[in-house]
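Following: one structure in structure tokens, then a few remarks.
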Amino acid sequence: MRKLLFTVLRNNVLKQQVAGKVQPSNWTNNLTCTTRDISTHLYPLLAGHSKWANIRHIKAAKDGQKSALFSRIARQIRLAIQDGGSADPNLNSELKSVIEEALRKNMPMASIQNNLKKFTASKTQLKKYRLDVRYKQKVFMVCTIYTDNFAQLKMDMSTVLRKGGGVQLDAGHLFEDFGLIQATADKTRIAAGESLEDKATEDAIESGAEDIEVVDDETASVNFICKPEGINGVRKALENKGYTVNNTEHIYTPLNTVKLTPEEKADYQKFVDKLKEIQGIEDVYDNIEVEETE
């Protein structure tokens, strides 16, 4: 419902712009406050709490997995060069963001430079794929893949599935997918008396995003949600509004979760680790319930 509300309000914004109508100076603030008030008071369970909690759990779990981290970053560098058409970070904002993230993850500059040279010379292109898996009856998984040899990857994956108790099947109806954009706002563009949340909500509506979460007021960190196919467009629109985009990704959250015993969790983690040893598997999302920690 909140997604629909953002869409309706954004369409109204566009209609006003097309019609050339002059609005009062505070009309966008009133609009964003209305959005937040309606979504919070009329639809409290849909106001983003559970969704953002799921995202935080998924991101924390993924960010904590250090195995094959540099290989993953190398693929992201290759994709950024491929999509942006340039190996120069000054001309390719997506590549610049990936390099900055690589440095934050302590990837040596020499490794980054080697990847830039290697992928600039490469003529083969990575393609994105998705494979769904069921593990031992009750765990369902979505694997996102970037590879230039999908046939070989499927063979490697089949071996791991057969030995670990997994099978390929369609699990699309068990997950919700969306685009996640993690960004930092330019504080100089926030008007006096205007909150970061108001500003981000206004910018989200105008940029095509469907929801926002203020992560940290002090650092002006904001998460934006959009349709997966709209990630690049929303990203560019936010950058034009002064945001620094730190990360973008196509993320999946389960509609329902299952609990595992400690023994089951240990076995499952070994299975996932084996899958992630396969070159090209970028991310693994599942429907396992994440326990709250103090």
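Kindly write out, for the stretch 106-119 in residue order, the coupling ³J(HN,Hα) from the Karplus curve 6.51 cos²θ - 1.76 cosθ + 1.60 (θ = phi - 60°), rounded to whole Hz, with x marking Gly and Pro.
Listing the rounded values in order: 6, 6, x, 4, 4, 5, 5, 5, 4, 5, 4, 5, 5, 7 Hz.
As an exercise, identify the trypsin sites (Lys or Arg not before Pro) in the stretch 249-294 lying in DSSP coil whose Cβ has no more than 16 other Cβ atoms within 10 Å.
Sparse-neighbourhood loop trypsin sites (Lys or Arg not before Pro): 259.
Could you compute how fast the stretch 234-294 diffuses translationally, taking Rh as the Kirkwood radius over C-alpha pairs and applying Stokes-Einstein at 20 °C with viscosity 1.002 mPa s? Give it in µm² per second.
The estimated diffusion coefficient comes to 144 µm²/s.
If each residue of separation counts as 0.36 nm, what is the full-extension length gain between residue 71 and residue 188 once their alpha-carbon separation is subtracted?
Full-extension gain reported as 38.4 nm.
Per residue, how much accessible area does the stretch 148-224 show when a 1.4 Å probe rolls over the protein heavy atoms, in square angstrom?
47 Å²
Kindly provide log₁₀ I(q)/I(0) values, in the same order as q = 0.14, 0.21, 0.27 Å⁻¹, from the Debye equation applied to equal alpha-carbon scatterers of the stretch 98-137.
-0.55, -0.77, -0.92
Hey, got the Cα dimensions of the stretch 165-273 along the principal axes, in Å, largest first?
In descending order, the Cα extents are 57, 28, 22 Å.
Hey, what do the phi angles of the stretch 208-220 turn into as Karplus ³J(HN,Hα) couplings, whole Hz, using 6.51/-1.76/1.60 and θ = phi - 60°, x for Gly and Pro?
Result, rounded to whole Hz: x, 7, 10, 6, 9, 9, 7, 7, 7, 5, 5, 8, 6.
List the trypsin sites (Lys or Arg not before Pro) within the stretch 127-233 that fall in a DSSP loop (any state other than H, G, I, E or B) and whose Cβ has at most 13 other Cβ atoms within 10 Å.
Answer by residue number: 138.
Testing the spin-label approximation: label points 7 Å from Cα along Cα→Cβ at residue 106 and residue 195. State their distance in nm.
Modelled inter-label distance: 3.8 nm.
Taking θ = phi - 60°, what integer Hz values does the Karplus form 6.51 cos²θ - 1.76 cosθ + 1.60 yield along the stretch 177-191, in sequence order, with x for Gly and Pro?
10, 7, x, 10, 10, 9, 9, 10, 7, 8, 4, 5, 8, 8, 5
At most 10 other Cβ atoms within 10 Å and a DSSP loop assignment: could you name the GluC sites (Glu not before Pro) in the stretch 210-256 that fit?
218
The values are calculated or read from the model by the stated rules, or taken from the named source; none is laboratory data. Note that the coordinates shown come from a computational prediction; the quantities given were computed from them, not determined experimentally. Quick reminder, even Gly has a Cβ in these numbers, built from the backbone with ideal geometry, and neighbours come from all protein chains shown. To get the accessible areas, we keep the full protein, side chains included, count just its heavy atoms, and leave off ligands, DNA and RNA. Shrake-Rupley method; radii C 1.70, N 1.55, O 1.52, S 1.80 Å.
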